[in-house]
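Participant: Here you go, one structure.
The values are calculated or read from the model by the stated rules, or taken from the named source; none is laboratory data. This one's a predicted model, so the numbers in the text were calculated from it and none came from an experiment. So basically every Cβ, Gly included, is an ideal-geometry build from the backbone, and we count neighbours across all protein chains shown. The accessibility values were calculated without ligands, DNA or RNA, using every heavy atom of the protein model including side chains. Shrake-Rupley method; radii C 1.70, N 1.55, O 1.52, S 1.80 Å.
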Amino acid sequence: MADAAYAYEPANGTPEHVAEAAQAHQDEVAAASHQQQAPVSYLNADGATNGTHSPNLNGDATSNHSAAGAGALANVPTVLRKTLSSWVGFSNLPNQVHRRSVRRGFQFVAMVVGESGLGKSTLINTLFETKLYQPKVIPDPGADRGKTVQIESISAEIEENGVRLKLTVVDTPGFGDYVNNEECWKPIVDNIEARYDAYLEQENRVNRLKMTDNRVHACIYFIQPTGHALKPIDIEFLKRLHTKVNLIPVIAKADTLTEEEVELFKQRVLADIEYHGIRIFQPPSYEKDDEETAQENDEIISKIPFAVVGSDSVVQAPDGRHVRGRSYPWGVIEVDNEQHCDFVKLRQMLVRTHMEELREHTNDVLYENYRTDKLRAMGVAQDESVFKETNPAVKQAEERAMHEAKLAKMEAEMKMVFQQKVQEKEQKLKQSEEELYARHREMKEALEKQRLELEDKKRRIESGRPLTPEKGSKKRFGLGK
Ligand SMILES: Nc1nc2c(ncn2[C@@H]2O[C@H](COP(=O)(O)OP(=O)(O)OP(=O)(O)O)[C@@H](O)[C@H]2O)c(=O)[nH]1
């Protein structure tokens, strides 16, 4: 296992990141072996420099930053890459996912919309090679057809090579069939949203072990093969639905148009779609797609909107083969022949190559947007700071600054309280000082008065004058008042 590599990523590392990191590591290892082993310093998970090492210690030092460079990178979360010395086994993960998926089976909900008689039921039967729809009873001319679009769904469990698929087809009879078709898109939007609501309700349950996904994963929209352009009802419908569901436009009953007419009609439909800013489902292409996949993808994209022919019966071709198709006096149209129609490409995209993509886009984009809008409308606010990518060092510095600010505030408050107390004490001391001074002054005055009286007495005695006590005075000499 010389080349196996793994990488520690920050918490938000995705498998793609990991794969890229692994690839980068392999490139680095290859480069290092060419550069003939100059000692390099390496970074540990904290970003600190751990001195110099020779590049191959089995644990392969793969970061050749200099110490100075390491210092500059000290705050950046570091990816530590190592070569595995033995087989760990996580390359088997896709097989585990495969086994789990086979055990659980898949759910897929497809909606078909289009005016009556455009071949919706026939196409669904043709697509899944199942008689999901039985031949319809055509209503009598006078019979009550109802006044609004009905929503009907049929489910079937189908199995292929041990893989189970629970397929639900949502039909919308009555669409575009009335004299006034003004709001015929509304019951369809309501139905799609009700399915999102049901899923949201399941997500909010305490126990979410048994979640059924009845969200519409794809909406096949049947365009009447007029050969002109999209009709107002088509444009209105597509505009109303394009943010809610994966739209897959198809030109119905393409066998009623010639090859040139189909090509021209496709161009007009696409021009209309672009002009009205309608977003239809486009098979995504990825950088890491191999050549074959990329080519397959391009071919599918080039056929949009798919010109389809449906038939669930087998006919005999002029060369004697028995094929699914439609037989005309002038020949046979084969459903499964790419020269005759785009049915094969539609099936390829819908079932073989992009079913999971459709489910993922429904969940990650369409449902997510619906859920966000719904919760916001209910007044649930999102704390945007949780999405902020944080560098641990910066976060630590922020926390330290906050802590220091808190300490400084506490210190200032304590100082204020202390000063207040000191002021109060000073005030009290000043007051008692003044009281003492006043008392001292009074005593001094009283003593002075006594002294003066005694001196007066002395003078009298010395001069021989009699000491006549003051009238009514019984006061004795003393220091007290
Ligand atoms: N020429 C042609 N006829 C088709 C095609 N697909 C279906 N039909 C025929 O068109 C008729 C109506 O087909 P359905 O599949 O019942 O059409 P629908 O859109 O499901 O009709 P509603 O259920 O009434 O909405 C049937 O007679 C089919 O045999 C097609 O690709 N080309």
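Participant: Using a 1.4 angstrom probe on heavy atoms only, work out the carbon and sulfur share of the accessible area of the stretch 384-423 in %.
Facilitator: Numbers: 2410 of 3940 Å².
Exposed carbon and sulfur together represent 61 percent of the surface.
Participant: Treating each Cα of the stretch 210-282 as an identical point scatterer and ignoring solvent, apply the Debye formula and state log10 I(q)/I(0) at q = 0.19 Å⁻¹.
Facilitator: Here log10 of I(q) over I(0) equals -0.76.
Participant: When ranked by the protection proxy of mean other Cβ atoms within 10 Å per residue, highest first, what sequence do the peptides 158-167, 227-236, 414-423, 321-330 form? List each step's numbers first, then the result.
Facilitator: Details: 158-167: 12.2, 227-236: 16.4, 414-423: 10.0, 321-330: 13.9.
Answer by packing, highest mean first, reads 227-236, 321-330, 158-167, 414-423.
Participant: Where only protein heavy atoms count, and the probe is 1.4 Å, what is the accessible area per residue for the stretch 383-449 in Å²? Could the numbers behind the result be given before it?
Facilitator: On the way: 6790 Å² over 67 residues.
With the other protein chains kept in place, the stretch 383-449 gives 101 Å² per residue.
Participant: Protein chains only, probe 1.4 Å: how do V315, V97, V170 rank by accessible area, largest first? Display every interim value, and only then the final one.
Facilitator: Numbers: V315 25, V97 75, V170 0 Å².
Final ranking, largest accessible area leading: V97, V315, V170.
Participant: What is the stretch 258-299 by shape, rounded, prolate or oblate, if you read a ≥ b ≥ c off the alpha carbon gyration tensor as root eigenvalues and call it rounded for a/c under 1.5, prolate for a/b larger than b/c, and oblate otherwise? If you can, show how the numbers build up before the last one.
Facilitator: Working: a/c = 4.85, a/b = 1.60, b/c = 3.03.
Oblate is the answer for the stretch 258-299, as a/c is 1.5 or above yet b/c matches or exceeds a/b.
Participant: Tell me the carbon and sulfur percent of the accessible area for the stretch 283-350, rounded to whole percent, probe radius 1.4 Å.
Facilitator: On the way: 1730 of 3800 Å².
That fraction is 46 percent.
Participant: Please report, in whole Å³, the volume per residue of the convex hull around the C-alpha atoms of the stretch 260-336. Write down the numbers at each step before the final one.
Facilitator: Working: hull volume 11.5 nm³, N = 77.
Residue-normalised Cα hull volume stands at 149 Å³.
Participant: I would also like to ask the following. Whole number please: convex hull volume per residue, Cα atoms of the stretch 305-428, in Å³. Mind showing how you got there, number by number?
Facilitator: Working: hull volume 23.4 nm³, N = 124.
Enclosed volume per residue, from the Cα hull, is 189 Å³.
Participant: In square angstrom, what is the accessible area per residue of the stretch 210-288 with a 1.4 angstrom probe? It would help to have the intermediate numbers written out before the result.
Facilitator: Values: 3980 Å² over 79 residues.
The answer is 50 Å² per residue.
Participant: Over the Cα atoms of the stretch 211-350, compute the convex hull volume and normalise it per residue, giving Å³.
Facilitator: Values: hull volume 22.5 nm³, N = 140.
Hull volume over Cα atoms, normalised by residue count, gives 161 Å³.
Participant: For the stretch 143-266, which whole-number percentage of the solvent-accessible area (1.4 Å probe, protein heavy atoms only) is attributable to carbon and sulfur atoms?
Facilitator: Details: 3080 of 6440 Å².
Summing carbon and sulfur atoms, their accessible area is 48 percent of the total for the stretch 143-266.
Participant: Related question: So what is Rg over Rh here for the stretch 150-261, counting just Cα atoms and using Kirkwood for Rh? Provide the component values of the computation, followed by the final result.
Facilitator: Numbers: Rg = 17.2 Å, Rh = 16.5 Å.
Here Rg/Rh amounts to 1.04.
Participant: Calculate, axis by axis, the spread of Cα positions in the stretch 362-453 along the three principal axes, and write the results as whole Å, longest axis first.
Facilitator: For the stretch 362-453, the Cα spread along each principal axis is 116, 35, 7 Å.
Participant: Here's something else I'd like to know. Mind checking the per residue accessible area of the stretch 326-366 for me, 1.4 Å probe, whole number of Å²? Mind showing how you got there, number by number?
Facilitator: Values: 2060 Å² over 41 residues.
Ligands and nucleic acids excluded, the figure is 50 Å² per residue.
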